[in-house]
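Q: Below you will find the structure I want to go over with you.
The values are calculated or read from the model by the stated rules, or taken from the named source; none is laboratory data. On a predicted model such as this, the values are computed, not experimentally measured, just so you know. For neighbour counting, all protein chains shown are included, and Cβ atoms are generated from backbone atoms with ideal geometry for every residue, glycine included.
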């Protein structure tokens with residue numbers, strides 16, 4: 001069974017790009033455009049990994065991450081920050097940080113290293 005990755009980003013072009021890169025390499029994806037959708041997807045989709053933008057309308061990525069990390073059901077899901085905003089410190093336990101624009105090969109290398 002393919003590993004599932006939740007893509008959390010408010011830019012539909014970025015979401016589609018990440019989705020295409022991951023799906024073309026055998027991963028399943030689900031998406032969320034904001035924190036509220038991301039919480040719903042966590043409950044419904046049970047992802048193996050999350051890509052997370054830092055700057056989004058409403059609740060920003062770091063706040064979403066802190067809430068997620070407090071829930072024992074979700075605290076062990078690895079998070080890869082993909083953002084145009086400098087902020088490696090914003091999600092301290094992220095497995096990696098990619099600055100937009102990013103190299104798709106680097107994205108895949110991180111995903112493969114993290115979840116296989």
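Q: Hey, does segment 75-86 have a residue that's more than 13 Å from the chain's Cα centre (by Cα) and free of Cβ contacts under 8 Å to residues at least 12 places away in the same chain?
A: Yes, that holds for at least one residue.
Q: For the condition within 21 Å of residue 1 (Cβ to Cβ) and surrounded by 13 or more Cβ atoms within 10 Å (Cβ to Cβ), what is the one hit in 27, 97, 39?
A: 27
Q: Could you say which residue among 50, 7 is without any contact (Cβ under 8 Å) to a residue 60 or more places away in the chain, touching a helix residue (DSSP H, G or I) at 6+ places or on another chain (Cβ under 7 Å) and assigned to a strand (DSSP E or B)?
A: 7
Q: Would you confirm whether any residue within segment 54-75 is within 21 Å of residue 110 (Cα to Cα), touching a strand residue (DSSP E or B) at 6+ places or on another chain (Cβ under 8 Å) and at pLDDT 95 or above?
A: No; the residues of segment 54-75 include none that is within 21 Å of residue 110 (Cα to Cα), touching a strand residue (DSSP E or B) at 6+ places or on another chain (Cβ under 8 Å) and at pLDDT 95 or above.
Q: Then there is this: Please give the number of the condition residue 45 fails out of (1) farther than 13 Å from residue 9 by Cβ; (2) touching a strand residue (DSSP E or B) at 6+ places or on another chain (Cβ under 7 Å); (3) modelled with pLDDT under 95.
A: Status for residue 45: all satisfied but (3).
Q: Would you mind stating whether residue 80 is at pLDDT 90 or above, assigned to a helix (DSSP H, G or I) and surrounded by 13 or more Cβ atoms within 10 Å (Cβ to Cβ)?
A: Judged against the criteria, residue 80 is not a match.
Q: Here is a check on your reading of the model: is residue 26 out of contact with any strand residue (DSSP E or B) (no Cβ under 8 Å at 6 or more places or on another chain) and modelled with pLDDT of 95 or more?
A: The answer is yes for residue 26.
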